[in-house]
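Everything on this sheet refers to the single structure shown next.
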């Protein structure tokens, strides 16, 4: 009987020593669909965005107020529901003149159209360093017309 209590006490002590270490390991383990980027819910500065397709790939289309804007796919990553596509829109360089006319900018992704996508975007100045700038979730429009 004394050995049973001794075994239980030994097991409890061993568990108390091991479990905190296991919790620390699991807290630092990065899940494949967690992003290293900061993502907020929305940003009103992002021009309207839609999704189309070309060559069986998703295409991000942004309607900008002038041709001086640019659109770039930064990366995509796996999520539990499909893929998350990160895009950056850059404002025009004010040192140059740009015609004020609505222009659609297209950026093709590597994501097949059969895969659901989530779009996250950010707007930067023409020469702004993108480090530490957050992305915002975008609800793509059905049409830009």
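Here are a few things to note about the model shown:
- Antiparallel %, DSSP beta bridges [both residues in the range 85-145], to 5: 35
- Counting every other Cβ atom within 10 Å of each residue's Cβ, 104, 41 order from fewest to most as 41, 104.
- All-pairs Cα distance distribution in the range 31-135, expressed in whole percent, bin size 10 Å: 14, 45, 32, 8, 1
Read the figures in this text as sums done on the coordinates, not as results from a lab. Keep in mind that what you see is a predicted model, and the values were worked out from it rather than measured. FYI the Cβ positions are ideal-geometry reconstructions off the backbone, even for glycines, and counts take in every protein chain you see.
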